[in-house]
Amino acid sequence: MFNFLKKTRNWKNWYSWKRKSNFSTTTSEEEEIQKIVQHWIRVFSIKLGWIKDFDKLVIKYATTIFMFDTFRLSSKLLKSLYGHHFCVNSIDYSTYDGYQFICSGSIDNTVCVWDIDNSKQIRSFNEHSSSVSCVKFSSYHYHSHRQNVICSSSGDKTIRFWDFKRNKQLQIFNGHTYAVCDIVFSQFNCGQYLCSVSWDKTIRLWDIETSKQLHIFNGHTSGVWSVDISPLQGNNNKKNDNINKSNSIGVIGGNGYTICSGSDDKTIRIWDIKTTQQLIVFKGHNNLVKSVKYCSNESGNIGGANTILSGSIDKSVRLWDIRSGQQIQVFNGHTCYVNAVEYSPFVVNNNEVVGDISNVICSASADNTIRFWDIRSNKNELYVERSDKEDCGINCFTFFKVKKKENKIERKYNRGYDINMCYGSYTGIIRFWE
């Protein structure tokens, strides 16, 4: 299947094939999906159902593919932003009304907002009395109240919300008894729910609309450093529906949603949001787990479905299978702490599976590198991006799509986007790569 895809990644060839296949340039996207599916069925003499959600898989990779080799061969430093005085702990990206922004949180106790297009800092909030550990844009505030809002967590034990358009602080969540290390918004209900973790060994779930704490998850034996909320895992875990219904916080809905948390107790734990039960404990790291990530549905799940990625102070990156409860890959190569891990938007040709491709995962480290790995191979890294010596280490990073100037054909079938990478350094510098 993917051999054919590789032939069609050249959009001129794709367009030629499209014309020969009598594709109309005015065909709706739904019709195009069906025609692409039917063409592949004819080419490979296969039947629908051989892969679950085959049509979704086809359209995902026929319309938006970002090949890692393209990024690797052409990547370069685009710009650097100066404003923080100490280590950048967290960055996030979003767009509002067609404008691109990043927010950043630092050991210097500040939350900053940057206009990417103009490379300017447009806001700085300094009400936190200790290091800012994490920052996230709130989609819920925008969709529900048309507010441009950032949420931040801090060593001062608080979680705060900032309206950066109106330059004011909104809610403050109090409840944790020690430093709040990480936060994440729910994938469901338009991001109405927030999960936070702390040195107080707890994971807490909050309702942003009511500013109420919904539940405290206990189980870790030491401080909790990292957290993520799953994309919908499906409704195939029916047995959990009957577990301790009296303890359910089902007001938020969402069978199949789980939380994963990484701790100083060296474990990664999975929690069912609906039943509030602990489901799985992963053991394997031999030091603090600094970063955990679920595989996003947007990544395409090529070798990554039902997995969790983790990075640790033990210098390793590990991949875990949620279904089996087992570790499935260990990626070694970093020479110092692994501070952040991500499922990248890139795919790479997988030589171990003929004609196949797989997702690329990546990790950022105090060794001043970002390393890229084939998710289905634990061999040496695919590529090492070395940052400027001035950075002294990389603490966080993110990928985001940016519009590019293209001809009409490319714009229609590649959606007119490139991938940029942004990272925060130990010295407070924020850098962009394209």
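The values are calculated or read from the model by the stated rules, or taken from the named source; none is laboratory data. These figures come from a predicted structure and were not determined experimentally. Note that each Cβ is placed from the backbone with ideal geometry, even for glycine, and that neighbours are counted across all protein chains shown.
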Per the list (1) under 24 Å from Gln100 (Cα atoms); (2) of a type in the set (A, V, I, L, M, F, W, C); (3) at pLDDT 95 or above, residue check on Ile172 breaks on (1)
Worksheet item: Scanning for something in the same structural domain as Ser131 (by TED's automatic domain parsing), surrounded by fewer than 19 Cβ atoms within 10 Å (Cβ to Cβ) and modelled with pLDDT of 95 or more, does the stretch 396-417 turn up at least one residue?
Response: yes
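Say whether the condition of being in contact with a strand residue (DSSP E or B) (Cβ under 9 Å, 6 or more places away or on another chain), within 28 Å of Val341 (Cβ to Cβ) and free of Cβ contacts under 8 Å to residues at least 12 places away in the same chain is met by at least one residue in the stretch 95-112.
Filtering the stretch 95-112 for residues in contact with a strand residue (DSSP E or B) (Cβ under 9 Å, 6 or more places away or on another chain) gives 95-96, 99-112.
Those left that are additionally within 28 Å of Val341 (Cβ to Cβ): 95-96, 100-112.
This time we only want the ones that are free of Cβ contacts under 8 Å to residues at least 12 places away in the same chain, so: 95.
Checking the stretch 95-112: at least one residue is in contact with a strand residue (DSSP E or B) (Cβ under 9 Å, 6 or more places away or on another chain), within 28 Å of Val341 (Cβ to Cβ) and free of Cβ contacts under 8 Å to residues at least 12 places away in the same chain.
Hey, can you tell me all the residues within the stretch 201-234 that are among the acidic types (Asp, Glu) and under 16 Å from Leu279 (Cα atoms)?
First, pick out the residues of the stretch 201-234 that are among the acidic types (Asp, Glu): 207, 209, 228.
Scanning the stretch 201-234 gives a single hit, Asp228.
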Answer with yes or no whether Ser154 is among the small types (Gly, Ala, Ser) and surrounded by fewer than 17 Cβ atoms within 10 Å (Cβ to Cβ). no
Thr276 passes all but one of the listed conditions (1) among the polar types (S, T, N, Q); (2) modelled with pLDDT of 95 or more; (3) part of a loop (DSSP other than H, G, I, E, B); (4) under 29 Å from His215 (Cβ atoms); the exception is number (2)
Inside the stretch 86-110, the number of residues satisfying the requirement of being modelled with pLDDT of 95 or more and more than 19 Å from the chain's Cα centre (by Cα) is 7
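Residue-by-condition table, conditions (1) outside the structural domain of Lys136 (by TED's automatic domain parsing); (2) modelled with pLDDT of 95 or more; (3) within 18 Å of Arg269 (Cα to Cα); (4) not in a loop (DSSP other than H, G, I, E, B):
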site	(1), (2), (3), (4)
Cys181	no, yes, yes, yes
Cys190	no, no, no, yes
Leu205	no, yes, yes, yes
Trp225	no, yes, yes, yes
Leu232	no, no, yes, no
Can you spot a residue in the stretch 361-375 that is closer than 30 Å to Phe86 by Cβ and more than 21 Å from the chain's Cα centre (by Cα)? yes
